[in-house]
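A short reminder: the numbers here are calculations on the coordinates, not readings from a lab. Here the structure is a predicted model, which means the values were calculated and not measured. Here the Cβ positions follow ideal geometry from the backbone for every residue, glycine too, while neighbour counts run over all protein chains shown.
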Amino acid sequence: MTYKQLWNDMSARLGDEAPAFCWYLFDRSFSDVRSDGNEVPDECVNRYGECVSRVTSGEPMQYVFGYTPFYDLQIVCRPGVLIPRYDTEVLVGEAIKTLPPGAVFADMCCGSGCIAAAVLRHRPDTRAVCCDISEEALSLAWDNLEKYGLADRARVFRFDVFGSWESFPLIDALLCNPPYISAADMEKLPENVRREPAIALYGGEDGLDFYRVIIEKSKRCFKGPAHIIFEIGYDQGAALTGLSPHPCTIKKDLSGNDRVCIIRG
């Protein structure tokens, strides 16, 4: 099989995901591969077959590859931990711009650690406390922080948002991409998203459970005025504005949807 033939098969079976597979399998662009008449090594053909089988069965492509691009990083991905999305880069950008000098920030519900890693990399004056209820997530977050030499500026620990906050460390800001999918929307998720952990997706009947608890319980954690940056669902801006006792600013993503809520108190 030639590269051109394999590309035709890849394009037919994977659609929009085919270009990403080219980079993963060959470290080459699809425009290069699709015109190459040379034979593909057998090991590459076999690897392609295995990967396509996993993806077409519904497994997320990022779990198959073992990484995903995020901000200017390549974040390691593993089954059992939420996959970083481009939408979350809006939160990171706001944090990089607005964190005070020398800030200690929390990356709450940290998952893969992508938020903390990106902010720490671009704001070398800051430090992070990363927390999640999932041990799998904490292990992966640590690996991603170590990968970029950021672990010496971060603390990673298990934390239940719905438990006691008495021992939570003092912080200057709280960054959080919490589970925010409602019960109704959970029923509509595509198969590949259903392969991600429900604990990282489901935000209660109306999708707002985590926001309510964090807004209320985090009050004691701030060294000064509250500074919270949440990722939110595309239709949750008005709800967050109503939940917060402080002024809110809603930021939109590249599609024009509500994506980030900034609370300053």
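Before moving on, here are some points about what is shown:
- For the chain, DSSP calls about 45 percent of its internal beta bridges antiparallel.
- Against the chain, whose longest principal axis is taken from its Cα atoms, helix 42-56 shows a tilt of about 50°.
- At a Cβ-Cβ separation cutoff of 4.7 angstrom, cysteine residues of the chain with no neighbouring cysteine are Cys22, Cys44, Cys51, Cys77, Cys109, Cys114, Cys131, Cys176, Cys221, Cys248, Cys261.
- For Asp235 and Arg195, the difference between the fully extended length at 0.36 nm per residue and the C-alpha to C-alpha distance is 12.0 nm.
- Extension gain, Ile96 to Lys217: 0.36 nm times the residue separation minus the Cα-Cα distance gives 41.1 nm.
- Label point at Arg85 placed 7 Å out along Cα→Cβ; residues across region 242-265 whose backbone nitrogen lies under 13 Å: 253-260
- Placing unit charges on each Cβ (+1 for Lys and Arg, -1 for Asp and Glu) gives region 12-168 a dipole about its Cα centre, and among Cys130, Phe105, Phe157 the Cα reaching farthest toward its positive end belongs to Phe105.
- Efficiency of FRET between Lys188 and Lys4 - r from beta-carbon atoms, R0 41 angstrom, step 0.05: 0.60
- Taking a ≥ b ≥ c as the square roots of the eigenvalues of the Cα gyration tensor, region 79-264 is rounded, since a/c falls below 1.5.
- Considering only alpha-carbon pairs that sit under 8 angstrom and 6 or more positions apart, the relative contact order computed for region 79-264 is 21 percent.
- Whole-Hz ³J(HN,Hα) from phi, Karplus 6.51 cos²θ - 1.76 cosθ + 1.60, for region 176-191, glycine and proline x: 7, 10, x, x, 9, 8, 6, 4, 5, 6, 4, 6, 9, 5, x, 4
- Cα shape, region 3-57, gyration tensor, a/c 1.5 rule: oblate
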